[in-house]
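Below is one structure; the comments refer to it alone.
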């Protein structure tokens, strides 16, 4: 496990704060990873992403293997050099995107064969090839290949996919280059079935990974269902390792998941929402398309440390969004990524101070009050 370690500095209930140490630097937990699917956090400069407080970003095996190709990225010096990001990168295995995006896919014991959603070209992704691609990209944290089923799902189908994912986890572990200093995470599957999740956790723990992810959630199920799965699953995860909830989520999802012992998150929500005129702030989510902003000279949040939230008027942001100007999406993406990092910083400080429960209640109350009073 050279180059990777995890320590827990403080706890409050199931919530924990600490530091993941990687070969490219520390990750303060709980951590939110902005999604840089194709080697870029959409509509943001890498240095601006770093300035928001992000310690790590996520890249995607499926997209990068198709364009520009993992071997090409390696020839160009790796993903870090290519995208000018010198902090850690986590790459997901590509399995979810194969299931959700690719055409004419065929899944068997060996892996998945599929047609690219870009040009229809044929490709194969096995556990070994996924690990090889992630190594070529230079990922600091790599993920096993797994099969993510849609919810709701019959018990038998969830069991089949979970068992296959466990066998792929073993193959991913064998293919992983331990001396590289990178880390490998296993992924818990099992749908919403507590018995399957428990079997998945035990199987992964027996194999042994640097960290453990809860997969197969944030696929359209209600929040209470997701929290129920976390209530059953997270207490069974190896305590001394990072716990990663894949693809989550809204700020409220994050608060609730931290309460249940999750240390790492990723989601396209802040960047996608920004490109569609939505801002996440300490007042909750604000729709800049709304006509009430058209003549508002005030900023989104005059006390925000983010210049995009503090220095531009709501009227201007509304104008940019309504006109479809690229700058509107850029500024609101900046607002959102910065707010997510501000939320994570507040969570970490609150856990360290033993007041996370109060922080969560105060944060939710502020979202509920909203920002309407700014127009009074």
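When segment 281-318 is examined, which residues are found to be in a strand (DSSP E or B) and in contact with a strand residue (DSSP E or B) (Cβ under 8 Å, 6 or more places away or on another chain)?
Matches in segment 281-318: 285, 286, 287, 299, 313.
To keep it simple, each residue is scored yes or no on (1) surrounded by fewer than 22 Cβ atoms within 10 Å (Cβ to Cβ); (2) at pLDDT 95 or above; (3) more than 24 Å from residue 93 (Cα to Cα).
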position: 209; (1), (2), (3): no, yes, no
position: 212; (1), (2), (3): no, yes, no
position: 219; (1), (2), (3): yes, no, no
position: 231; (1), (2), (3): yes, yes, yes
position: 240; (1), (2), (3): yes, yes, no
position: 257; (1), (2), (3): no, yes, no
Test of understanding: among 301, 371, 296, which residue is more than 23 Å from residue 42 (Cα to Cα), in contact with a helix residue (DSSP H, G or I) (Cβ under 6 Å, 6 or more places away or on another chain), buried (at least 16 other Cβ atoms within 10 Å of the Cβ) and outside the structural domain of residue 13 (by TED's automatic domain parsing)?
296
Return the residue satisfying two criteria in turn: it lies in segment 113-137 and is surrounded by 23 or more Cβ atoms within 10 Å (Cβ to Cβ) and touching a strand residue (DSSP E or B) at 6+ places or on another chain (Cβ under 7 Å), and of such residues it is nearest to residue 165 (Cα to Cα).
127
Which one is nearest to the chain's Cα centre (by Cα), of the residues in segment 5-28 that are more than 15 Å from residue 184 (Cα to Cα) and without any contact (Cβ under 8 Å) to a residue 24 or more places away in the chain?
19
Residue 75: over 15 Å from the mean Cα position of the chain (by Cα), more than 18 Å from residue 262 (Cβ to Cβ) and either outside the structural domain of residue 128 (by TED's automatic domain parsing) or free of Cβ contacts under 8 Å to residues at least 12 places away in the same chain (or both), yes or no?
yes
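The values are calculated or read from the model by the stated rules, or taken from the named source; none is laboratory data. From a predicted model like this one, the values you see are computed outputs, not experimental measurements. Cβ coordinates were reconstructed from backbone atoms using ideal geometry, including for glycine residues, and neighbour counts include every protein chain displayed.
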